[in-house]
Amino acid sequence: MFVTCNALNHDQCTHDVSAGAGADAATTDSSTASQPGRNRIGRSNTGPLRIDIHCHYFNADAAAKAAPLKPFEKEPSIVYANQMTRDINMSQMKVRGPKLSDIAVRLRDMDRMGIDVQAVSPAPAQYYYYADADFGLELARGINDRIAAIAGAHPDRFVGIGSVPLQNAALATKELVRCVTKLDMRGIEIGTNVNGMDLADKRLGLDKFFAKAEELGTVLFLHPMGFTHADRMTDYYFNNIIGNPLESTLAVAHLIFGGVVDRFPKLKFCVAHGGGYMPHAFARMDHGWKVRPDAQTAISKKKPSSYLKKFYFDTVTFDTGLLATLVDQMGAKQVMLGSDYPFDMGDEDPVGLVERVAQLSDAERQQILGGNAARLLKIRSPRRKR
């Protein structure tokens, strides 16, 4: 059968969720394509693995379960979009839909792109924070089990990034522990807000979740799902083009100004889309914090930018100058290769973008292409024979 979902471009789409389709896509498609050393066009032969930190997987079975919740009435990326945007997103599923769920297609694309390992995270449309907490946990568990199965079936090509029901801090913490200790997940993907509430909002009570993530040394991959108050962004696909980086910037600012990174100094975040506008806005934030007492209510001793060393950023910037600025401002040790696979707002050649940044030293380039991610996600990075 077919159900309407909001996966591609974080908007409406159609997926075939016939019985067994999801499981087949996860574990059985083209198993020979994942054999070590087989059909890897453009892969690196020496040095660290090339690790893509920003790659999504869509779980059709979870979407079918969640369909009665009418996601298309709740997700900001759909609510604040005009009909032309919705129509384009629907038509794109004919080409990009298989990339979200078909492992054989994914492996071929990785070989073409020169990617050795993907850190696979859920499609952001599948946070389902608006679900009842228990149902949200059920959906997250199914999504996590599938991603763990993919990584288990192809351990040389994938590691898993899980999902948790952030609408309930206790259940989110419980699923975090299961993801890390039982499923060998290397991180957790979280939204930039929970049903319009910022991550530092005391009503969410997420400190227990952040504390456990810090204790386990688990990176939190911060990924937006459209801007929540985007009445002026419905046209021109602005809710993604402008809204997503704005969401990320706002989320990082709340985590810093709200004292979360101050209370949990060892907690690590990775921010999608090059950190949004943060690499270009931190100086203004520092100035505002310095001159405004109302900006110092949660942090008063250290300027906001000092906390940015707790954050990592992917390379999804689309421009060598912007990527060079990101590296210059945040440091090469804080930047990791990312593609946003397989969305049209992703980078089809993330390795090439890094290699074209002339200012990078060889050591910095290797850090960004895979060394940093290998360290953060605890991925072994052996030197390979030609």
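The values are calculated or read from the model by the stated rules, or taken from the named source; none is laboratory data. Keep in mind that what you see is a predicted model, and the values were worked out from it rather than measured. Don't worry about glycine lacking a Cβ; one is built from the backbone with ideal geometry, like all the others, and counts go over all protein chains shown. Just so you know, the surface numbers come from the protein's heavy atoms only, side chains and all, with ligands and any DNA or RNA stripped out. Shrake-Rupley method; radii C 1.70, N 1.55, O 1.52, S 1.80 Å.
Taking the listed residues LYS268, LYS310, the one that is in contact (Cβ under 8 Å) with a residue 60 or more places away in the chain and among the charged types (D, E, K, R) is LYS268, with no other qualifying. Looking at the range 109-116, is at least one residue among the β-branched types (Val, Ile, Thr), touching a Ser or Thr at 6+ places or on another chain (Cβ under 8 Å) and not in a helix (DSSP H, G or I)? Yes, that holds for at least one residue. In summary, ALA170 fulfils each of the numbered conditions (1) in a helix (DSSP H, G or I); (2) in contact (Cβ under 8 Å) with a residue 24 or more places away in the chain; (3) closer than 25 Å to LYS378 by Cβ; (4) open to solvent by 10 Å² or more (accessible area, probe 1.4 Å) with the single exception of condition (3).
Scanning the range 70-87 for residues being touching a helix residue (DSSP H, G or I) at 6+ places or on another chain (Cβ under 8 Å) and not hydroxyl-bearing (Ser, Thr, Tyr) gives a total of 9. Considering each residue of the range 132-145 in turn, none proves to be touching a residue at least 40 places away in the same chain (Cβ under 8 Å), open to solvent by 10 Å² or more (accessible area, probe 1.4 Å) and in contact with a Gly (Cβ under 8 Å, 6 or more places away or on another chain). Among the residues of the range 151-165 satisfying the criterion of being under 22 Å from LEU376 (Cβ atoms) and under 17 Å from the mean Cα position of the chain (by Cα), which is surrounded by the most Cβ atoms within 10 Å (Cβ to Cβ)? Ranking the qualifying residues of the range 151-165, first place goes to SER163.
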